[in-house]
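Derivation of every value follows stated rules applied to the coordinates shown; laboratory data play no part. What you are looking at is a predicted structure, and each value in this text was computed from that prediction instead of being measured. Every residue, glycine as well, gets a Cβ built from its backbone with ideal geometry; the counts of neighbours run over all protein chains shown.
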Amino acid sequence: MRILLTNDDGIHAPGLKVLEEIAREFSDDIWICSPNDEQSGTGHSLTLTQPVRLRRFGERRFSVTGTPTDAVTIGLRKVMDGPPDVILSGVNRGANLGDDITYSGTVSAAIEGALAGIRSIALSQVYAREGMGDEVPFGAAREWGVRVLAPLLDVPLPKRTLVNINFPARAPEEVKGIRVVRQGFHDYSRGTVVEGRDPRGYKYYWFGLQAIEHTLDHGTDLEAIDEGYVAVTPLQLDLTHHASLGDLGERYAE
Ligand code: MN
């Protein structure tokens, strides 16, 4: 089995090393093509206005001076000599739950893989707010990764779908199990923007510093993580709200 690894935290991120350890339990044919620098929050963006450069760090180990989507695209079209069987993106430093998905570079790399018709899976390690900076522990992902991935590597996945995995912020032995759950909902409308002044006296703003409010609806990824389970959520690229097609169509009926 040939596996392409990528992420949105950059080629030197500790989570990518964890992902490589997990992937090597399944195969020796591992390729890495990830962004050179951290690209968290860049979503599914594609670099269109500046050149993208490829850097080589070793055999089958590359980075791209661009976004996660750029990295997957270059990985598939320029780096690898044939398509991978699986694309794994992560392990992200932090949650990609509920509505985080459209902001997420980690999930978007998997979306790019799904668009290319390749089995694609995003992995993220949730961490407690007090664990910041380089201190984010990846133990739950490391210990549960193989168990969670194994069924996903051969189960039939419909076209234009992908799988989003989140590991809870718990020590591996305190993780209660694995749940397959739907996407929950955040309330981003009340998110705080932190304002400060830089050392030169200019004002700056910083996003994403506070926990986002949400309700723990039953059967969601948010609830599963809160209760200490690994959350596995199948996602689809069809964002159409099918139930509205009829009503909306009638508004334009001649
Ligand atoms: Mn990230």
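Figures for the structure shown
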| read-out | value |
| --- | --- |
| Under 14 Å, Cβ to Cβ, from residue 28 - net charge with Lys/Arg +1 and Asp/Glu -1 | -2 |
| Contact order relative to length of the range 58-164, as percent, for alpha carbon pairs under 8 angstrom and 6 or more apart | 27 percent |
| Summed side-chain charge close to residue 3 - residues other than residue 3 whose Cβ falls under 14 Å, Lys, Arg +1, Asp, Glu -1 | -2 |
| Furthest towards positive pole of dipole, 165, 41, 57, structure part the chain, Cβ charges | 57 |
| Formal net charge of residues neighbouring residue 106 (Cβ-Cβ distance under 13 Å; K, R +1; D, E -1) | -4 |
| Three-way shape label, the range 102-254, alpha-carbon gyration tensor, a/c 1.5 | oblate |
| The range 8-120 - percent relative contact order, Cα under 8 Å, separation 6 or more | 32 percent |
| Estimated distance in nm for a label pair at residue 2 and residue 182, the labels positioned 7 Å out from Cα along Cα-to-Cβ | 3.8 nm |
| R0 of 41 Å, Cβ-Cβ distance residue 128-residue 59: FRET efficiency to nearest 0.05 | 0.65 |
| Amide H within-cut-off set for residue 92, under 5 Å, with H built and near neighbours excluded | 123, 124, 125 |
| Inter-site label distance for residue 210 and residue 245 at 7 Å from Cα along Cβ, in nm | 4.0 nm |
| The chain - charge dipole about Cα centre, Lys and Arg +1 at Cβ, Asp and Glu -1, debye rounded to 20 | 760 debye |
| Candidates per GluC sites (Glu not before Pro) in the range 1-81, loop by DSSP, up to 14 other Cβ within 10 Å | 25, 59 |
| Within the range 9-24: backbone nitrogen closer than 13 Å to the residue 37 label point (7 Å, Cα to C-beta) | 10-11 |
| Residue 17/residue 173 FRET efficiency (R0 22 Å; Cβ-Cβ; nearest 0.05) | 0.55 |
| Computed lengthening from residue 153 to residue 45, 0.36 nm per intervening residue step minus Cα-Cα distance | 36.2 nm |
| Cβ-Cβ FRET estimate between residue 143 and residue 252, R0 fixed at 45 Å, reported to 0.05 | 0.25 |
| Rounded to 5, percent antiparallel among DSSP beta bridges of the range 103-241 | 55 percent |
| Lys/Arg +1, Asp/Glu -1 at C-beta; the chain dipole; positive extreme among 175, 86, 248 | 86 |
| Segment residue 27-residue 81, extension gain: residue separation times 0.36 nm, minus the distance between their alpha carbons | 17.7 nm |
